[in-house]
Amino acid sequence: MIESAILIPLVTIPFVVSLIALALPSNARNTEAWIAGITALGLFILTAMQYPAVDDGGAIRHNIEWVPQLGLNMTFRMDGFAWLFTMLITGIGFLVVIYARYYMSPEDPVPRFYAFLLAFMGSMLGVVNSGNLIQLVVFWELTSVFSFLLIGYWYHNAAARDGARMALTITALGGLCLLAGILLIGQVVGSYDLDTVLASGSMIRGHKLYVPILVLVLIGAFTKSAQFPFHVWLPNAMSAPTPVSAYLHSATMVKAGVFLMTRLWPVLAGTPEWFTIVGLAGMATLLLGAFFAIFQQDIKGLLAYSTISHLGLITLLLSLGSPLGLVAAIFHMANHATFKASLFMAAGIIDHEAGTRDMRKLGGLFSLMPVTATLAMVASAAMAGVPLLNGFLSKEMFFAEAIEHHADSILDTAAPYVAVLASAFAVTYSIRFIHGVFFGKIPADMPKHPHEPPFFMRLPAMLLVLICLVVGILPGQTIGGYLNSAAMAVLGPEMPEYSLSIWHGFNVPLLMSVLALVAGILLYGILKTYLATSEEGPPYFRELKGQRIFERVMVSVSWRWARLLESWLGTRRLQPQLRLLAFIALVAAVLAATRRGVPHPTLSLGNMDLLFTGLWAIGIICAIGAAYQAKYHRLYALILMGGAGLVTCISFIWLSAPDLALTQLVVEVVTTVLILLGLRWLPKRIEQNYDGVSLETRLRRGRDMLLAVGCGAGTAFLAYVVMVRQPPQTIADFFVENAYELGGGRNIVNVILVDFRGFDTFGEITVLGIVALTVFSLLRRFRPAPDNIDSPEQQLLQSRHTARSDESEEAETASIADEYLYMPSVIMQWLFPVIIVFAFYLFLRGHDAPGGGFVAGIAMAAAFILQYMAAGTRWVEERLRVLPVRWMGMGLLVAAATGLGAWVFGYPFLTSHAQYIELTLIGKVPAATALIFDFGIFSLVMGATVLMLIAIAHQSIRKLRAAKLPTAQENA
């Protein structure tokens, strides 16, 4: 095992270049193609240079610690098998980029296409080069996301949207099952490291959770590789641009499932359950895919079903549990990628030049496009298994394994017959494609007069077809060593004996190949006339179309089950939803307390301070009063809530927690102002007398009160139990002892937030950013209720309309604050620089004294809130460039960069470093990298708060526009 960081750029560069491509102008077609092509070619060369390290069972590995205590690390690992797949992903990716340059229309948004393609390439590279199973699942789901974007690239097309939705739904559900299976593997093995898992095969196969693990992992693999019954998404994905089909459905996405089955073959294979489940799915997929391919009229539809069939062939080989079957499966993965990518490119050329892919409208193209026709014919022959082509060799190995005895099962007995029948079907649809498109008469109604495409559009297909020929004629000299390295990476040093010679004498596999060729030719002769005019498939099979089946399932789920659950649990009102959540939480707590027992802490009243008790009594009264007044008197409720928050703040001071008190105070001020600004847009509520309230309403209020009292009392009891218990050592002891030594700060609370629990804080500020963007988006679409309270601006406009009707609306709104808040507005404007200085003071002292990035960000936001209140929205935004979204983005980037910086020095993510630096005239000053992380918190918190403020402030502008009064001239 060689330790090397070369795998990091191999996986990350595509994502970086994807962002660069996305930023280029839409007319930069050549620039986009050059950037994407150089990236793919560079990665291909970089991968090729790693072969000596992975040859003969070697491997490259690099580990980046993330959360090592939980076994969650970024681990990159490349062995011979991953190397072969990486070569396919980057090599065919490079050819697809060249092909796409000439295929895509000038009107297409090419930057988006190349950005998605490169991001998908990076996701696939992450899948095949992951050394941690959780990391593999993350990249696995990224392939689903980016394939969804690529399949739905032409989103103006309904078929593209439907195909993308189907692919994402099925593969994402499979990804969730895969995640569950991987979590169970981690539970059994005690690690998610791939090397550890591969060495624990006997442990997993002998564990009681083996069958659930097997089923969950196989569902993930089957959905991604379009195995029966999850194959229905792949034909509908053909609505994607042909370069996407050539890439996703030959060498990348559909290969991810069989890659995973091969990767975990030493762990999960070799049991009756594996043979039955995998063999049945592979056999059904092989046969059904080949059968349906015969009746397709769309060229890409034929290639899609043939892809399904060949993936079934690979799955069937993996199910046999024999080492030779595994070698044959890996060999066919590489062969299928070459001839199928070239066939998709040929189909795209035909569509591009002839204007249609319908084989009933095509014919005689050999005379018009001889080079393209020749390339397509050779690739089709490889797909059919014709001798002297690479497809023939791997299919021969398939036949050789099919006739061997592997288990006492009907599947094992049927394998040779199914293999011959499916191969005959493959010959039939290959001949149909060649004969129907390139020979016969040229149809008079062909949409366009076809001709050969530009040379560089044919070049990728030419190179792939050349590989098919060279490997088919000289297999041992071309791919033999690479295949051996890939198989050894899975099987270990005990490799089986096999030969890649093109001639093994007259034997049973050769007889099966001849029989399949002859039967396929005869079958095409029988069906030729029918296929030339028929719909897609026999009448009794047309109902089995994947789109129809998927839509019926989705309708059943959404309209029956979902509507049923919605009728039971759903409501459009917020109160019933909150009631249900609170009730479930209360029931869960009661059940847990019943099963585990309820602690009985002693309540000591001897040391109770009367002043502190009275303070809390005030807080409780305020809280109850706020709840009582919340429905009809919102302003009263808000004032009482502020009182309860102030009591909490004083309590923190009383209990020697000034940092929490400061944060609580600032948050209370800002949230109270924001809520107060929002209350003006809510409709009025008319208070009802108790005598006018119905019995149903009284019962509902009583139920809500009991639920609130139960939840509140339970939470108070739980908090009291936690506070009065005295374990031998608490978490607090660790933080008190190590905050200064390990974190370099005396403010223990802040050190916990930015150092010890920095990962949690990073997640929390991310959530805060998402919430702020959500609030802003919702308020952009919000329109005040018709019966809401008139704002002071409206009242002033009404009262001064006749006297100053000739003034503009901007002048009116600019002087509103001066009319009714003149002295406070002046003071608030003067406070702006003062609060900014105070915010930076809080930020800089936060590591050693009460303060920090969070409270400083809230304080900075308060400065902007005061400006909006004092001078109005228009005045502020004409003079200040706040740009809160950029502050939020900068905060996330700075926080993430602090974490990534630790990796540069070989430490886990977000590991901080603290030391003292000597400054002239000042002396030693504590400095910690956590201060940079804290600045990210400050930036995001300030930006998020100001963004929500702006969203509320802009409601005033909308309302004033809606209520704009007619001028005196208009009245006249």
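Throughout, read-outs are computed from the coordinates displayed, never taken from laboratory work. The structure displayed is predicted, hence computed values, not measured ones. Every residue, glycine among them, receives a Cβ derived from its backbone with ideal geometry; neighbour counts consider all protein chains shown.
A straight line joining the Cα centroids of the range 894-909 and the range 739-770 runs 14 Å.
Prolate is the label for the range 326-469. Its Cα gyration tensor axes, ordered a ≥ b ≥ c, give a/c of at least 1.5 and a/b above b/c.
Listed peptides 897-910, 500-513 appear in the order 897-910, 500-513 once ranked by packing, highest mean of other Cβ atoms within 10 Å at the front. FRET efficiency for the Ile584 to Tyr530 pair, using the beta carbon distance and R₀ = 56 Å, is estimated at 0.40.
Loop-resident trypsin sites (Lys or Arg not before Pro) (DSSP state other than H, G, I, E or B) in the range 869-957 with no more than 13 further Cβ atoms inside 10 Å of their Cβ: Arg881. Mean projection of the Cα convex hull over all viewing directions, computed for the chain: 53.3 nm².
Here the Debye sum runs over all C-alpha atoms of the range 262-313 as equal scatterers in vacuum, and log10 of I(q)/I(0) at q = 0.13, 0.15, 0.23 Å⁻¹ comes out as -0.39, -0.48, -0.77.
Convex hull volume of the C-alpha atoms in the range 269-534, normalised per residue: 118 Å³. Cα gyration tensor of the range 107-147, axes a ≥ b ≥ c as square roots of the eigenvalues: rounded (a/c below 1.5), prolate (a/b > b/c) or oblate? Because a/c hits 1.5 or more and a/b exceeds b/c, the range 107-147 counts as prolate.
Separation of the range 370-394 from the range 100-164 is 28 Å, based on Cα centroids.
Enumerate by residue number the chymotrypsin sites (Phe, Trp or Tyr not before Pro) in the range 226-302 meeting two conditions: DSSP loop (anything except H, G, I, E, B), and at most 12 other Cβ atoms within 10 Å of the site's Cβ. Counting only loop positions with at most 12 other Cβ atoms within 10 Å, none of the chymotrypsin sites (Phe, Trp or Tyr not before Pro) in the range 226-302 qualifies. What is the calculated FRET efficiency for Trp654 to Ala630, with r their C-beta to C-beta distance and R₀ = 30 Å, to the nearest 0.05? Efficiency at R0 = 30 Å is approximately 0.60. Of the peptides 266-272, 139-145, the ranking by mean beta-carbon count within 10 Å, highest at the top, reads 139-145, 266-272. Comparing the range 125-221 with the 2.2 N^0.38 Å rule of thumb, its C-alpha radius of gyration ratio is 1.26 (two decimals).
Packing-based ranking of 443-454, 391-402 yields 391-402, 443-454, ordered from highest to lowest mean Cβ neighbour count within 10 Å. Rounded, prolate or oblate: pick one for the range 45-179, where a ≥ b ≥ c are the square roots of the eigenvalues of its C-alpha gyration tensor, a/c under 1.5 means rounded, and failing that, prolate if a/b is larger than b/c, else oblate. The shape class here is oblate. For His310, neighbours were defined as the other residues whose beta-carbon sits under 12 Å from its Cβ, and their charges (Lys and Arg +1, Asp and Glu -1) total +3. Pairs from the list Lys361/Lys395; Lys361/Lys528; Lys300/Lys448; Lys300/Lys528; Lys255/Lys300 with a Cα-Cα gap above 25 Å: Lys361/Lys395.
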